[in-house]
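In what follows, a single structure is set out as structure tokens and then discussed.
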Amino acid sequence: MNVLGIIASGAAALFITVVLAKGVRRTALRAGAAQEPGARPSRAGVVRRLGGTTVVLGVGAAAAAGTGLGAAGGSGRAVTGLLAGAVIVAALGLVHDVRPLGVPLRVAVQTAAATLAVCLAGLSPVAGVLAVIGIVAVTQAFALLDTSDGVLATVGTVTAAGLLTCAALDGRTGLALPPAVLLAGLIGFLLHNWHPARIRPGACGSLFTGFVLASSGALVLAEAPPERAAWIALPVLATVALADAALVLVSRRRAVRPLLQDCGDHITHRLRRLRVTVPGVAVVLGLWAGAAALTGTLVYAEVLHPAFALVPVTGSAAAVVALLRIPAYVAPPVTAARRRRPPTGTVPTGTVRTGTSLRPGPEPVPAAPESPAPVAAEPARTTPGRPTVPPPPTGRPAVGLTADRS
């Protein structure tokens, strides 16, 4: 019965996400078409970033309905805490999409949501603290993957499939509900997020996806039998997200740049510098995540020795070192014109000012020796506060001019 409930919940998540994503896509297209030429596409951009709400609504509604109908089995309390924390994080991301929030506030809310999920799961204090740290780290790592069309949905789909397999190996269908429903929802979202994408997951969808994956992994790890090498197999599933986060932190540290400011230095940006197409970037990262998920799943199933889990980790570390050699921070070239730029307010020799622009003028001609000018008469005086004109060279008094101050 639980298996049928999980399948039904996944089908519902797929249907709801596809329908909602199609609606958001049409709204984004209409908002973009309604913009006047040259106007700032703020409305269309906001609508595209809100595409992640389709994943949240589709996955959340299907998972809540499945839990209410008993698809979660004996893990209903843990799944309820996971969904509650995921909704809190999604709401945080939605606010951040509309109005950016500070990093301390985001980390505090994510920590509170992870604590709620861990407490309802009934983990011990030590395991709970470690789980909270891991959930926050993996959630933030997945949030950084939203840098190219289809990347987050592709990597999230592969990771969810790995978690679903690990939960099914132990017969814990209740813990398999969140990754199964998320897998279906991300597939539906990917249909509209593939290049050229009309909608994006944004902070709402990326934080929600990362939190569900991280929390599901923590619950599967806590419920895994002792003979499983879950402590090393399950973290391997998040290799791509953690490798991207490590690449960004190391790169910005070496370049003495702010660690929390996006600088276009992710894996996706560096692959694009190697002339990999946008769909190709999603395929490459999907294969990378697939190799890590397959290895972690086989190690969890005891088909491979736990030492094989070091293979994707070592390969990812080598890839990060290789990607660090690709320049990510390219300064604009300094041309000779910029180096010889005259000071502000000066006019170069040989130019004539016309309105607000400068155009080349005739070469200056040496002036002939001037004859002694006659003694000028005393300047004419005008009304106090009005400008005067100096006398002409003939010595005749000038006529006072008044300024027009209408």
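Derivation of every value follows stated rules applied to the coordinates shown; laboratory data play no part. Source: prediction; values computed, not measured. So basically every Cβ, Gly included, is an ideal-geometry build from the backbone, and we count neighbours across all protein chains shown.
Subtracting the Cα-Cα distance of L260 and V3 from 0.36 nm times their residue separation leaves 88.3 nm of extension gain. Remark: V19, V55 ranked as V19, V55, counting other beta-carbon atoms within 10 Å and listing the fewest first.
Let me know the shape class of the stretch 150-230, please: from the alpha-carbon gyration tensor, a ≥ b ≥ c as square roots of the eigenvalues, rounded when a/c is under 1.5, otherwise prolate if a/b is greater than b/c, or oblate. Here the stretch 150-230 falls in the prolate category.
For the stretch 135-282, the Kirkwood estimate of the hydrodynamic radius, built from every pair of different alpha carbons, is 16.0 Å. Per-residue packing, averaged as other Cβ atoms within 10 Å, sorts the ranges 278-287, 123-132 into the order 278-287, 123-132, beginning with the highest.
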